[in-house]
Amino acid sequence: MIPIQPPAASSIADGVDKLYYFLTGITLFFTVLIFSIIFYFMVKYHRQSEDERAPETHTSLLLELSWTIIPSLICVVIFVWASDLYVRNARPPAASTEIFVIGKQWMWHIQHPEGPREIDELHVPVGVPVKLTMTSQDVIHDFYIPAFRVKKDVLPGRYTSLWFQPTETGTFHLFCAQFCGTSHSQMIGWVYVMSPDDYTAWLAGGEASESMAQQGERLFNHYTCGYCHVADGTGRAPSLVGIYGKPEKLASGEMRVVDEALIRQALMFPNSVPLSGFAPIMPTFQGQFTEEQILQLIAYVKSLGSEERTNGK
Amino acid sequence: MSTALADIHEVPAESRVNYLNAAYGIKSWLLTVDHKRIGLLYLASITLMFFVGGTAAVLMRMNLIEPQGALLEPETYNKMFSTHGIIMVFFFLVPSIPATLGNFLIPIMIGARDVAFPKLNLMSWYLFITGSTFALYAVLTGGVDTGWTFYTPYSSTYAHTNVIAAALGVFIAGFSSILTGLNFVVTIHKMRAPGMTWFRLPLFIWAMYATSVIFVLGTPVIAVTLLLLGVERLLHVGIFDPAIGGDPLLFQHLFWFYSHPAVYIMILPGMGVISELITAFTRKKIFGYTFVAFSSMGIAVISFVVWGHHMFVTGQSVYAGLVFSVLSFLVAIPSAIKVFNWTATLYRGSISYQAPMLYALGFMGLFTMGGLTGLFLASLAVDVHLNGTYFIVAHFHYIMVGGAVMAYLGGIHYWWPKITGRLYPDLWARFAALVIFVGFNLTFFPQFMLGYLGMPRRYAIYPAEFQVLNVMSSAGASILGVGYLIPLVYLIWSVRYGPPAGPNPWGAKGLEWETPSPPPTENFEVPPVVTEDAYNYPTREVARG
Amino acid sequence: MADTVAHAHSAHPPGFAHQFEDIEQQREASTLGMWVFLVTEILFFGGMFASYTIYRSLHLPAFETGSRLLEVKFGAINTAVLICSSLTMVLAIRAAQVGKGKAQIAFYLILTMILGATFLGLKLRFEWYHDYIEHIVPGFGFEYRPEWGSLAPQVQMFMCFYFFMTGLHALHMVAGIGVLSVLTIMAARNRFSAEYYAPLDISGLYWHFVDIVWIFLFPLLYLIGGRYAIGGGH
């Protein structure tokens, strides 16, 4: 038997499937309706003789309005249903497990904050929301897990994210869904959904590795970022303690939340986001860090706490 | 309508001067300014391009019989799908009905001698040929593998193929479109015969007018976008390179700002043809003329504000998604209005089933399905799952092939007697229409299923579990291919051996049927004066009650 | 029927194209055609203006820095030159309209061409060539300057837009001068009169359009650097 849907393995999959089947029903209904009417009329009104004439065509405003308004109402129903699902699925739950993805021609680098790395494989625990923060090292890719009904483009120079909550253990396809060059169709892999215990064991197993935050701290020290970004706020640059997730005022007056995107922008184009009260003297680190290292630095900044800062400017 | 109809005897075409025999020799064709000859020049060129693009498709589908690729290396496969898309979109579908049937028919249908700017018309064809030459050069000397969408930064920085040659070909062909659209807008505004008011125009003219508005407004944007891409690729200045502050998504916005209206360029003329075919083969006035006419204009206008639905998964804001989604639903409504009006026209009509009508009826069903699958894609939550998969491929092929190509073939068959003065064998034509219908559905219906199962598009190699549906699709493609070859044979045959057609072999209404087949160079021996509405077929009394 | 054709033929002035019913229809169609063409040009330049606007809002400091690299003096002179050329174009049309004779028509057309050529000459010699030897032409030896700091790549992007937009504008000027030279030859051959000067009219539309594009380009490219800000620039 040919399957008609992939496994429904995430918390949103059933919702998406229901809407899909409703749409399929509407499509089949109207297609069959039109074809049937055509067929019926073809038979009933088949021309009998060459000089046969049709009766006069009357316009009917009632009909025109009906077949304008009824399809419009159907469209409204579909739009509201689909948008509601979409908006609800757009924001990841607060307590999501975060995992980082870097796409490059032609493989997926996956980085768990605790340290383990994978290539073309993603291990996740079942029943727990997982948020993926993703970027590309080169061209536009797209991270697609059909079984979870999630997909998001992966872009160079910025972060995109998606989230899912797996509802059953198993092994599911991972595809790149945006053409990215020669081996686009080989940029595929597997998602392994495990029970929470198995997942913890998997994280701990394998070679011991530093967490992303620890690797970030090493980079931070190696590049002497602390020379300006003094922790107690007495340096030339803002203290980074507790800065992650807080809204900060830029020199331009604009308020921005300190998130992954802002930190990356500060590293790459520092003069575009000086914080209010600080001179724009940070050098650019364009070309100095890989995407992985940037994510590690971000993880380190995150680890410096997001409680209220107790000192500094 | 007063014409010299009474003076036209059933004289064989050869013994009367018409646009085909008015002058002989290659110069009389290559330097013609007769819109009818220019239409035929386009017919030859786009038929060639259709078979080039079709060959690429055949190679693709043959490759996809096996999960690991039966025929081509992935790199070659990537070049094949790119070639197929670029050639079919820019060098076949966009010009197809407008440049062949539009050029031939618009002046005749409005009672004019020619288009407003005949020399510009010829220049349009030469631009098309120049663009096609660059595109074919790109294809034959190494190929291009960016897809017809040329997304950056792959196309601007990473691709090692003939991107610039291909983009240049599209750029030049774009000017062909722009000038054709300009010509049609001015012709329809200024050169209608006395009595031919806007609301007496055939619906084909309304559809072509709406299409020409899109040509004029949309095509320049892709021209400048491809120019920016070329500059980026040549000078490496980074307009779309994020490493130096460029935005790869800006390319997508600029590209789709044209390319979404472009898909309406590809379907609106087909809808115009269908209006003509339905009325001719039911011998009835169309139901809801004003609604059908305005729906064409409505589609043209709304088409410019929905481009973001191609970018729902690019990380676009939720608000942008909602706006583009609701507008995308809105653009579906005028198309639905047309389908219902065509169906209502069939009611109590006097229906005959010659090949053009079969194509028209096939269009109505397949376009309905293709259009409704568009609603899946306008639905944000579902598009997240379906974007970038075979569902999209199936959706647009239902509209482009099940819709536009079938309308094109229906129109070619319908007006063939007028264009050539010959009748083609209708039995063969009906057979071919049936083969095409069956082959088409077998090719593309499985692709909807593949899409929902998760098979991404543009994959040279795929997981084995998708093989059955792929083999079905490839089997359908081989039937479809045969179906397209059949008309090539009998249509060419008919030019020499087909029985002569009179001025009105279908008994249809329209100025084009009131002049000889083939028409004289100046279209009408006596310029017509219009005194009645379009499709003013004689009616019979209907018993009350 | 042959009578009607002969009668119509003798009544039509030179330059009449036979796809039209009468000269009036031809004039209307040609004018509409030129307006439609200008709409396509608006969309063409519009794509560029849109991209420029987006990048300017994303990289304002860099764009301001880039703007200060440009020669405002020559940009301003060129603006005046173009406005004058639109005036001379109108005078040429007026000369035809009131039947002034081929000498005056040709004179104003030639003057318009000279002004157009002046525009191009000034631009090439004092702006583009100067930029080239200063190494600020992207793709042709562009060199980052230390005072730009980390803004350098976007300054290059600004210069890219500068050359792209003014380059495309210059190409349109060249095409315009070509059209004007054809018109001058036609004028010299006495083709224009008070009854028939539509080609001048229509070409005038095009020329004015090219002028108007420059009126938008000049402030957007040359004047955003804050040189003339009240209270002193940077």
Hey, rough spin-label estimate for A:Thr290 and C:Ile42, points 7 angstrom out along Cα→Cβ, what's it come to in nanometres?
-> 5.2
Relative to the longest principal Cα axis of chain B, at what angle does helix B:248-282 sit, 0 to 90 degrees, rounded to 10?
-> 30
So, with +1 on the Cβ of K and R and -1 on the Cβ of D and E, and no other charges, what is the size of the charge dipole of chain A about its Cα centre, to the nearest 20 debye?
-> 700
Cross-link list A:Lys44/B:Lys285; A:Lys18/A:Lys302; B:Lys36/B:Lys284; B:Lys119/C:Lys123: which exceed 30 angstrom alpha carbon to alpha carbon?
-> A:Lys18/A:Lys302; B:Lys119/C:Lys123
Taking only Cα atoms and a 10 Å spring cutoff, compute GNM fluctuations for chain C and point out the largest among C:Leu58, C:Leu69, C:Leu82.
-> C:Leu58
Relative contact order, percent, chain C [alpha-carbon distance under 8 Å, six or more residues apart] | 31
Counting only C-alpha contacts under 8 Å and six or more residues apart, can you give the relative contact order of the stretch B:122-165 as a whole percent?
-> 42
Can you tell me the 0 to 90 degree angle between the C-alpha axis of helix B:355-378 and the longest principal axis of chain B, rounded to 10?
-> 30
Which sequence of C:Arg145, B:Arg37 reflects their accessible areas, 1.4 Å probe, from the largest down?
-> C:Arg145, B:Arg37
Sum of -39500 (n - 2.57) over DSSP H runs of 4+, divided by residues of chain B (222 nm, nearest 500) | -21000 deg cm²/dmol
Taking Cα atoms only, helix C:198-222 is inclined relative to the longest principal axis of chain C by an angle, in degrees rounded to 10, of 10
Which whole-number percent is the relative contact order of the stretch B:85-169 (Cα, under 8 Å, 6+ apart)?
-> 30
Specify whether the C-alpha gyration tensor of the stretch A:212-305 places it in the rounded, prolate or oblate class, a ≥ b ≥ c being the square roots of the eigenvalues: rounded for a/c under 1.5, otherwise prolate if a/b is larger than b/c and oblate if not.
-> rounded
Quick one: longest stretch of chain B between exposed loop GluC sites (Glu not before Pro), exposed meaning at most 10 other C-beta atoms within 10 Å and loop per DSSP?
-> B:11-531
FRET efficiency for B:Arg496 and B:Val529, using Cβ-Cβ distance with R0 set to 45 Å, rounded to 0.05 | 0.75
C:Phe45 accessible area, nearest 10 Å², 1.4 Å probe?
-> 10
Just give the residues from the stretch C:40-57 buried by at least 10 square angstrom of accessible area in the all-chains context relative to the isolated chain, probe 1.4 Å, and say none if nothing qualifies.
-> C:Thr40, C:Leu43, C:Phe44, C:Gly47, C:Met48, C:Ser51, C:Ile54, C:Tyr55
Pairwise burial A:C, computed as accessible area of each alone minus the pair, summed, 1.4 Å, Å² = 300
At a probe radius of 1.4 Å, what is the per-residue accessible area of A:Val87, in Å² to the nearest 10?
-> 70
Residues hit by the 40 Å² burial cutoff in the stretch A:49-65, accessible area with a 1.4 Å probe, assembly against chain on its own, are A:Arg53, A:Ala54, A:Pro55, A:Thr57, A:Glu64
Along Cα→Cβ, 7 Å out, is where each label goes; now give me the distance between the ones at B:Val323 and C:His135 in nm to one decimal.
-> 4.4
Antiparallel DSSP bridges in the protein assembly as shown: what percent, to the nearest 5?
-> 65
State whether the stretch B:430-545 is rounded, prolate or oblate according to the following rule on the C-alpha gyration tensor (a ≥ b ≥ c being the square roots of its eigenvalues): a/c under 1.5 gives rounded; otherwise a/b larger than b/c gives prolate, and the remaining case gives oblate.
-> prolate
Positive-end extreme of charge dipole, the protein assembly as shown - chosen from A:Gln105, B:Pro202, A:Leu73 (charges on Cβ) = B:Pro202
Can you tell which of C:Ala50, C:Pro138, C:Leu124 lies farthest toward the positive end of the dipole of the stretch C:21-226, using +1 and -1 charges on the Cβ of basic and acidic side chains (Lys, Arg; Asp, Glu)?
-> C:Leu124
Once Lys and Arg get +1 and Asp and Glu get -1 on their Cβ, which of B:Thr539, B:Leu229, A:Ala94 lies farthest toward the positive end of the dipole of the protein assembly as shown?
-> B:Thr539
Over all distinct Cα pairs, what is the inverse of the mean 1/r for the protein assembly as shown, reported as the Kirkwood hydrodynamic radius in Å?
-> 32.1
Report, in order of residue number, the helices in chain A meeting two criteria: a C-alpha extent of 24 Å or more along the helix axis, and a mean Kyte-Doolittle hydropathy of at least 0.5; treat each whole DSSP H run as one helix.
-> A:13-44, A:61-90
How large is the accessible surface per residue of the protein assembly as shown, computed with a 1.4 Å probe and reported in Å² as a whole number?
-> 38
Mind listing which GluC sites (Glu not before Pro) in the stretch A:11-87 are in a DSSP loop and have 11 or fewer other Cβ atoms within 10 Å?
-> A:Glu50
Just which residues of the stretch A:176-204 lose 20 Å² or more accessible area with every protein chain there, against their chain alone, with the probe set to 1.4 Å?
-> A:Ala177, A:Gln178, A:Phe179, A:Thr182, A:His184, A:Ser185, A:Gln186
Exposed loop GluC sites (Glu not before Pro) only (DSSP loop, at most 13 other Cβ atoms within 10 Å): please give the longest stretch of chain C free of them, not including the sites.
-> C:1-133
Mind grabbing the interface size between C and B? I mean buried accessible area, both sides, 1.4 Å probe, in Å² to the nearest hundred.
-> 2900
So the B/A interface buries, both sides summed and with a 1.4 Å probe, an accessible area in Å² (nearest 100) of 7900
Residue mean of other protein chain beta carbons inside 10 Å, B:232-239 | 5
Arrange the residues B:Thr187, A:Thr169 by how much accessible surface each exposes, largest first, with a 1.4 angstrom probe.
-> A:Thr169, B:Thr187
Surface accessible to a 1.4 Å probe, A:Val32 within the full protein complex, Å² = 90
Sparsely packed GluC sites (Glu not before Pro) within the stretch A:99-185, loop by DSSP, other Cβ within 10 Å at most 16 | A:Glu114, A:Glu168
If each K or R counts +1 and each D or E counts -1, the residues other than B:Ile486 whose Cβ falls under 14 Å of its Cβ total 0
Taking B:Thr279, A:Thr224 and ranking on accessible area (1.4 Å, protein atoms only), highest first, one gets A:Thr224, B:Thr279
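The values are calculated or read from the model by the stated rules, or taken from the named source; none is laboratory data. Keep in mind it's a predicted model, so treat the numbers as computed, not measured. Virtual Cβ from ideal backbone geometry, glycine too; neighbours counted across all protein chains shown. For accessibility, only protein heavy atoms count, side chains too; no ligands or nucleic acids. Shrake-Rupley method; radii C 1.70, N 1.55, O 1.52, S 1.80 Å.
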